[in-house]
Amino acid sequence: MLSVLLIVVAVLGGRGSSDSSVASLPPKSEINRIAFVGLDAHIHTVDPDGSHPRSISSGTGAFTWPTWSPDGRGLVFSGVAEDETGNLRTSLLAFDGASGDVTELFLGEPGVRGLLAEGVVHYPLWSPDSTRVAFIAFTSEGLSLFLDDVRDSAGPVFVMDQGPLWMSWSPDSQYLLVHRGADHFLVNTLEGIRVNDLGVRAVGYRVPAWKPQGGIITLARGVGPDRYTILNARVVGNGLDDPEPITFLREIGFPLAPAFLWSPSGELLALSGSTRPVMYLGQPLMVYRDLALFSDSPKAQTLLIQDNVIAYFWSPDGDRLAYVAPSRTASALRWVVVNAADGERWPLVDFVPSRDQLTMFRFFDQYAYSHSLWSPDSGSLVFAGRLVDDATAASAHYSLARQESHIIVVDTNPEPLTYIIADGTLGFWSPR
């Protein structure tokens, strides 16, 4: 067995209701909590053992993709409902953990329908200081980027459109680094919004990164047809100094489609490339053929993980990397954990993800900045789907049906325990 399955089923009463015994929980109850999308299409929060449920969304409609603020005091999430005329109405909503209030940050244009990806109405990204939300929404101009200061009622400010758009915040909450098409932009969000084209072009990769310290950005630059180099550059004013290739990295040719994430300490860069497409339960899924951990130190060794990798996520303490790989069991995926210090690896559990969970894996390098699957203490993971044990026949057929999806917590030790804490399609851990 890959794990000992300790099943803890939480019966979530009063979903979508305003039960005062639940709604009156103090703000501190949102510390070390899991926000999830229930099978009722409402947003709930719950303790990691499935206890103390709290309903966040209410009313009619469907709600999804809860996104914690970095201070753990609030959430934003998407809602879709019919208005009085029968037309669909999309909105981005904010939950204040202190007051329990839900307010509307953004209302979609009448008659404009579109998704960023399957099941994704908006993509929100909180600033590290939890004061503002940058978000992408579908408008009459296509995918558009907005910025909202949650401390006031002024409403969101338009930044740019003509997506697709990929972005990350600077650690000091001043800048947004945006990759749109082939171009990179530095958006200064203080004293008004100033957008500066950095003059660095690359297609075929998605999300640029900020190193956690030093005002340094990491991005890919095209150096020929389907060829890239990975660069570090320091932000100076609203521009960059001369970008330099990262130590140990060299230009790599086709079929590299790089993705990269800095560890929270800024000591290691996880870099993957050389993708190949596979069909997974009827959907295209990209699999990376290599994953490497690089250090800025010229004396450090590069750690190469030789495995098929679908998605990966750093633990909050930066000591471990959890990645998703194809399982030997038909139609299943597997969680694997790597010790970043010595490369020791161990499997956790086999599972079939929910459709929304699979969407997160497909765009993991963006969602890693906004939606945490790791617990704040780096000891557990949360995910949505169905567990698969070793006794499952290899010929078994699995579906991504909504009614078969659970919210699952698994320890990340070599002998993990696995818990089912609720029924739902997406679950994310609070940052604190």
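Rounded to a whole number of µm²/s, how large is the Stokes-Einstein D of segment 329-393 at 37 °C and 0.692 mPa s, given Rh as the Kirkwood radius over C-alpha pairs? For these conditions, the coefficient is 247 µm²/s. The residue list VAL203, PRO110, LEU147 was ranked by how far each Cα lies along the charge dipole of segment 99-217 toward its positive end, using unit charges on Cβ atoms, and VAL203 comes out on top. With semi-axes defined as the square roots of five times the eigenvalues of the C-alpha gyration tensor, the equivalent ellipsoid of segment 167-214 measures 18, 14, 7 Å, largest first.
Take the Cα pairs of segment 74-158, get the Kirkwood Rh, then feed it into Stokes-Einstein at 4 °C and 1.567 mPa s and tell me D in µm²/s.
Values: Rh = 13.4 Å.
Rounded, D is 97 µm²/s.
In the calculated pair distance distribution of segment 252-377, what percentage of Cα-Cα distances lie above 20 Å? The proportion of pairs with Cα distances above 20 Å equals 41 percent. Over the residues of the chain, the helix contribution to mean residue ellipticity at 222 nm works out to -1000 deg cm²/dmol, using -39500 (n - 2.57) for each DSSP H run of at least 4. Note on GLU344 and ASN238: the extension gain reaches 34.0 nm, defined as 0.36 nm multiplied by sequence separation minus the Cα-Cα distance. The Kirkwood hydrodynamic radius of segment 119-235, based on inverse pair distances between different Cα atoms, is 14.7 Å. Spin-label model, ASP172 to ARG432: label points 7 Å out along the Cα-to-beta-carbon direction sit 2.3 nm apart. Taking N as the residue count of segment 275-334, its C-alpha radius of gyration divided by 2.2 N^0.38 Å amounts to 1.33.
For the chain, the spread of Cα positions along the three principal axes, ordered from largest to smallest, is 58, 55, 38 Å. Here the dipole of segment 57-154 is about 200 debye; that uses its Cα centre as origin and unit charges on the Cβ of Lys and Arg (positive) and Asp and Glu (negative). Could you work out how far apart the two model spin labels at ARG194 and ARG89 are, taking each label as a point 7 Å from the Cα in the direction of the beta carbon, and quote it in nm? Result: 4.0 nm between the two label points.
Bear in mind these aren't lab numbers, they're just calculated from the coordinates by the rules spelled out. What you are looking at is a predicted structure, and each value in this text was computed from that prediction instead of being measured. Cβ: placed from backbone, ideal geometry, glycine included. Neighbour counts: every protein chain shown.
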